[in-house]
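For reference, the structure discussed in these notes is given below.
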Amino acid sequence: MQNAGIWGIGSFTEGREVTNFDLEKTLDTSDEWIRTRTGIERRVFAEDDVDTSDMSYYAAVDALKEAELDASELDLILVATVTPDYPFPSVSSLLQERLGAPKAAAMDISAACAGFIYGLATAEQFIKTGMYKHVLVIGAEKLSKVTDMDDRNTAVLFGDGAGAAVVGPVDEGKGFLSFELGSDGEGAMHIRQDPQLIMNGREVFKFAVRQMGESSINVVEKAGLTKDDVDFLVPHQANIRIMEAARERLELPKDKMAATVHKYGNTSSSSIPIAMVEELKNGKIKEGDLIVMVGFGSGLVWGATAMRWGR
Ligand code: UT7
């Protein structure tokens, strides 16, 4: 079977900066509460005329450039989002036209904050079997469209953004070594959109702390490795306390975990690729590193992968 991995990665995090101090003006909250309970200091809300497909487009252009691949070579576009421009057509179809990818099939994936991992796992199947060669996987959200800015339980947590990865064949021993995907519908109502975002934070917190650690260990073991082999952790950026719990479970030092939650808040499916891009720029992820990516979210769902960075 053909190994699959990431050829290029890009992100989009532009928009209107909203600090905790800005939120203090309209909500019964404080910078102190938000920082100590979540690690968030600011978030970015996309401009009114920028929707999920626009953010996806900008992230995709950067990923294709890094991958040195023309969009016309794409076989499949997968956009993981819970905030599409429209219920239909899909964001993927909008992108297929805008990017100029005439041979690409297109579909959106709904797996909330674990959506990017679900997308990578789906892409890997097509490449492994030889059905497709080049798959564009995107996580993109305009959560500001569905967040109730009068609800302090949720308004302080979320932000907008997009991240994209070009997934293609890689050499033996590189790329994705293992995946774990899961779902527990019993907790489905804990985070829902009805009609705006509603969350039972405490329940989600407990689930996340347990699942992030467990899934991280599981993918490492599935790859035939141990936690001592892990070089870097890229967790879903929801809350620094949840992320730290996963890092401690892997017994990694503090600087071996991607952390961008203070800058962008929780950007759902886009948080993992956005964090990847930043840590690659910072030189924290290097060729040959064993990376664990892990996410969780509404569903409740989770997903993790262990991958060897490089093509
Ligand atoms: O991508 C997945 C999406 N979801 C998540 O990742 C959420 C996971 N959960 C969490 O991150 C945390 O549970 C929260 C950050 C949402 C809340 O933190 P917590 O430490 O679990 O606080 P809590 O829910 O136990 O609430 C403590 C208190 C409550 O007051 P009482 O009942 O003790 O009087 C809340 O009403 O904090 C209050 N509170 C706030 N106070 C100031 C809740 N939100 C705020 C706020 N500012 N923004």
> Given labels modelled 7 Å from the Cα in the Cβ direction, how far is it in nm from residue 97 to residue 35?
Replying inline: 4.7
> Each residue of the range 185-197 in order: what ³J(HN,Hα) in whole Hz does its phi give by Karplus 6.51 cos²θ - 1.76 cosθ + 1.60, θ = phi - 60°, with x for Gly and Pro?
Replying inline: x, 4, x, 4, 7, 5, 9, 8, 10, 7, x, 9, 5
> Among 128/254; 174/281; 174/222, which pairs are too far apart, with a Cα-Cα distance over 26 Å?
Replying inline: 128/254
> the chain: Rg/Rh from Cα coordinates, Kirkwood Rh?
Replying inline: 0.95
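Given contacts defined as C-alpha pairs under 8 Å and at least six residues apart, what's the relative contact order of the chain, whole-number percent?
Details: 811 pairs, mean separation 81.1, N = 311.
Averaging sequence separation for qualifying contacts and normalising by length gives 26 percent for the chain.
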>> Given the range 1-97, report the % of alpha carbon pairs whose separation exceeds 20 Å.
In response: 54
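Just the number, please: percent antiparallel of the DSSP beta bridges in the range 75-210, rounded to the nearest 5. Walk me through the numbers on the way to the answer.
Values: 11 of 21 bridges.
The answer is about 50 percent antiparallel.
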> Can you give the Kirkwood hydrodynamic radius for the range 249-298, in Å, rounded to one decimal and based on Cα pairs?
Replying inline: 12.0
>> Out of all Cα-Cα pairs in the range 4-169, roughly what percent, to the nearest whole number, are more than 27 Å apart?
In response: 29
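Charges only on Cβ, +1 for Lys and Arg, -1 for Asp and Glu: so what's the dipole of the range 229-311 about the Cα centre, in debye to the nearest 20?
On the way: 11 positive and 10 negative charges, 33 e Å.
Result for the range 229-311 is approximately 160 debye, rounded to the nearest 20.
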> Under DSSP H, which helices of the chain have Cα atoms covering 20 Å or more of the helix axis and a Kyte-Doolittle average no less than -1.0?
Replying inline: 52-67, 201-222
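Return the FRET efficiency for the residue pair residue 48, residue 73: r is the Cβ-Cβ distance, R0 is 30 Å, and the value is rounded to the nearest 0.05. Mind dumping the intermediate values first?
Working: r = 34 Å, r/R0 = 1.13.
Once the sixth-power term is evaluated, E becomes 0.35.
At R0 = 35 Å, how high is the FRET efficiency between residue 129 and residue 149 if r is their beta carbon distance? Nearest 0.05 is fine.
Details: r = 45 Å, r/R0 = 1.29.
Computed FRET efficiency for residue 129 and residue 149: 0.20.
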>> Students often check this: by mean Cβ neighbours within 10 Å, which of 73-80, 19-26 ranks highest, and how do the rest follow?
In response: 73-80, 19-26
> Using modelled backbone amide H atoms (1.01 Å from N, in-plane), which distant-in-sequence or interchain residues come within less than 5 Å of residue 80's amide H?
Replying inline: 109, 138, 139, 140
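Among DSSP bridges having both ends in the range 175-308, what percentage is antiparallel? Round to the nearest 5. Working shown, then result.
On the way: 19 of 24 bridges.
In the range 175-308, DSSP labels about 80 percent of beta bridges as antiparallel.
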> So for the range 200-270, Kirkwood radius off the Cα pairs, Stokes-Einstein at 4 °C and 1.567 mPa s: how many µm² s⁻¹?
Replying inline: 103
>> Could you tell me the calculated FRET efficiency between residue 19 and residue 188, based on Cβ-Cβ distance and R0 = 41 angstrom, to the nearest 0.05?
In response: 0.80
> For the range 8-165, with only Lys/Arg (+1) and Asp/Glu (-1) charged at the beta-carbon, what is the dipole magnitude about the Cα centre, in debye rounded to 20?
Replying inline: 520
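None of the figures in this text is laboratory data; all of them are computed from the coordinates on show. Since this is a predicted model, take the numbers as computed values, not measurements. Because the Cβ atoms are built from the backbone with ideal geometry, glycine has one as well, and the counts that use them run over all protein chains shown.
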